[in-house]
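Structure, as structure tokens:
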Amino acid sequence: MKIAVLGAGGMGSRFGLYLHRAGNEVVMIDGWKANVDAIRANGLKADLNGTEIVDRIPVFTPEEADKADMNADLIIVLVKAPQLEGILEAVKPLFKEDTHVICLMNGIGHEDVLKKYVKPENILLGVTMWTAGMKGPGSVELLGDGYVEIQELYPEGKEEALKIIDAFDKAGLRPKYSENLHYSIYRKACINGVINTLCALMDCNMMELAAMPYTADISRKIVSEFAACAAKEGVTLDQEEVNKAILVSCEPEHIGKHYPSMYQDLINNHRKTEIDYINGAISRKGKRYDVPTPYCDLITELIHNKEQFIGAK
Ligand code: NAD
């Protein structure tokens, strides 16, 4: 397959690397100049569960989209939400009649942005449980195991979904076809909407968050707001299961010592967050469906306050 990956951050590098090593023709496009320069100079360096690997993958800035144009069969989107519209606009020439686009980003509603640039029937969505982190420009840490659930946005895309699953499977990305991706998207956004946001606001890791006296109660309130909006779209979120999953993942035996990505983006790197596509998406949906979402409203506002306060870019 000819594959362009938008975003050579942690996750874009994981997917790009696996697919490249499986023999696909891969290019990566990334807006962080220092990262592009480092990958060009030294190759993409990865710590893959303790093994250092270096792979030479062509990488371009969005402004060099013409050079990256390989009539891609597939474009994988793995930027952070605030970067999405900018990179899609810059790489517009890559979207051909038959180019399919799969968005594997966290959050709710990215398809509304994608539809401005891509034929809706060419859009696919996914939810991934792989993780990744950047050590610095051109260098990523790929630890642990994961999988990716995939489904087409419109029925016309099903054949392409199966082709992507085949390519991802051959690359070891452990894909599975989902009959109900909307549920998985809501579930993951909901978990992020509790853990990522509250750790960033409380300035703590996950197990410290879980030990705070009001966390369980706040979690239930946030989950109930996600569930109320999901219900308006025919998705029945299992609130008890989600609340339990949140607490379990905060245990020290799981990933309790971890500082979630929103914490790392905002507190460590002063970067803008994906809040508008997590709790912010629920705030917007609440207004549309006439569902009260006071916790998501407040959390969205507090995160934006903090972004502004620390000069996040
Ligand atoms: P990332 O922040 O690592 O990379 C995204 C973009 O930001 C890339 O273009 C990268 O070059 C740039 N970038 C990274 N660090 C930067 C810095 N310090 N300064 C300037 N630019 C920088 O994002 P990611 O973790 O790959 O996430 C991509 C999408 O996947 C997001 O929607 C995220 O929520 C989702 N996701 C992430 C993980 C994970 O474990 N990282 C897991 C599942 C889903």
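Does Ser184 fit the bill of being polar (S, T, N, Q) and in contact with a strand residue (DSSP E or B) (Cβ under 7 Å, 6 or more places away or on another chain)? Yes. Each residue in region 29-48 was checked for being of a type in the set (A, V, I, L, M, F, W, C), touching a helix residue (DSSP H, G or I) at 6+ places or on another chain (Cβ under 9 Å) and more than 9 Å from the ligand (Cβ to nearest atom), and 4 pass.
Within region 152-164, the residues that satisfy the criterion of being buried (at least 19 other Cβ atoms within 10 Å of the Cβ) and either modelled with pLDDT under 95 or part of a helix (DSSP H, G or I) (or both) are Gly157, Glu160, Ala161, Ile164.
Each row is one residue, and each column tells you yes or no for (1) of a type in the set (S, T, N, Q); (2) closer than 17 Å to Gly193 by Cα.
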| residue | (1), (2) |
| --- | --- |
| Met262 | no, yes |
| Asp265 | no, yes |
| Asn269 | yes, no |
| Ile278 | no, yes |
| Lys287 | no, no |
| Pro292 | no, yes |
| Asp297 | no, yes |
| Leu302 | no, yes |
| Gln308 | yes, no |
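Counting only residues that are within 16 Å of the ligand (Cβ to nearest atom) and either free of Cβ contacts under 8 Å to residues at least 60 places away in the same chain or in contact with a His (Cβ under 9 Å, 6 or more places away or on another chain) (or both), region 89-104 holds 4 of them. The combined condition, being assigned to a strand (DSSP E or B), under 27 Å from Ala65 (Cα atoms) and modelled with pLDDT of 95 or more, is not fulfilled by Glu149.
The residue pairs whose first member lies in region 20-34 and is exposed (fewer than 14 other Cβ atoms within 10 Å of the Cβ), whose second member is of a type in the set (Val, Ile, Thr), and whose beta carbons are closer than 9 Å, counting only pairs six or more residues apart or on different chains, are Lys33/Thr61. Summed over region 268-305, the residues that are of a type in the set (S, T, N, Q) and more than 12 Å from the ligand (Cβ to nearest atom) give a count of 5. Do you know which residues across region 84-122 are surrounded by fewer than 21 Cβ atoms within 10 Å (Cβ to Cβ) and polar (S, T, N, Q)? Within region 84-122, Thr99 is the sole residue that qualifies.
Based on this model, can you work out whether Lys176 counts as surrounded by fewer than 15 Cβ atoms within 10 Å (Cβ to Cβ) and outside any helix (DSSP H, G or I)? The answer is yes for Lys176.
Within region 176-190, residues that are polar (S, T, N, Q) reach partners that are assigned to a helix (DSSP H, G or I) with beta carbons closer than 7 Å, at six or more positions or on different chains, in the pairs Ser178/Ser184. The selection criterion, being more than 20 Å from Asn106 (Cβ to Cβ), buried (at least 24 other Cβ atoms within 10 Å of the Cβ) and within 14 Å of the ligand (Cβ to nearest atom), holds for Ala4.
The requirement of being in contact (Cβ under 8 Å) with a residue 60 or more places away in the chain and either within 18 Å of the chain's Cα centre (by Cα) or away from the ligand (no atom under 12 Å from the Cβ) (or both) is not satisfied by Ile150. State yes or no: is Gly23 more than 12 Å from the ligand (Cβ to nearest atom), within 18 Å of Trp130 (Cα to Cα), of a type outside the set (D, E, K, R) and over 21 Å from the mean Cα position of the chain (by Cα)? When the stated conditions are applied, Gly23 does not pass them.
When region 125-142 is limited to residues that are among the small types (Gly, Ala, Ser) and part of a loop (DSSP other than H, G, I, E, B), the one that is surrounded by the most Cβ atoms within 10 Å (Cβ to Cβ) turns out to be Gly138. Annotation note: Cβ proximity below 6 Å between a residue of region 291-313 that is within 12 Å of Met262 (Cβ to Cβ) and a residue that is basic (Lys, Arg) (sequence gap 6+ or interchain) occurs for Glu307/Lys272; Ala312/Arg271; Ala312/Lys272. Of all residue pairs spaced 6 or more apart or on separate chains, those with beta-carbon atoms under 6 Å, a first member in region 65-83 that is touching a residue at least 12 places away in the same chain (Cβ under 8 Å) and away from the ligand (no atom under 16 Å from the Cβ) and a second member that is among the charged types (D, E, K, R) and assigned to a strand (DSSP E or B) are Met70/Lys2; Ala72/Lys2; Asp73/Lys2.
Looking at Asn269, Asn243, can you tell me which residue is free of Cβ contacts under 8 Å to residues at least 60 places away in the same chain and over 27 Å from Val79 (Cα atoms)? Only one candidate passes the filter, namely Asn243.
The values are calculated or read from the model by the stated rules, or taken from the named source; none is laboratory data. Just so it is clear, the model here is predicted, and its values are computed rather than measured. Please note: Cβ atoms are built from the backbone with ideal geometry, for glycine as well, and neighbour counts cover all protein chains shown.
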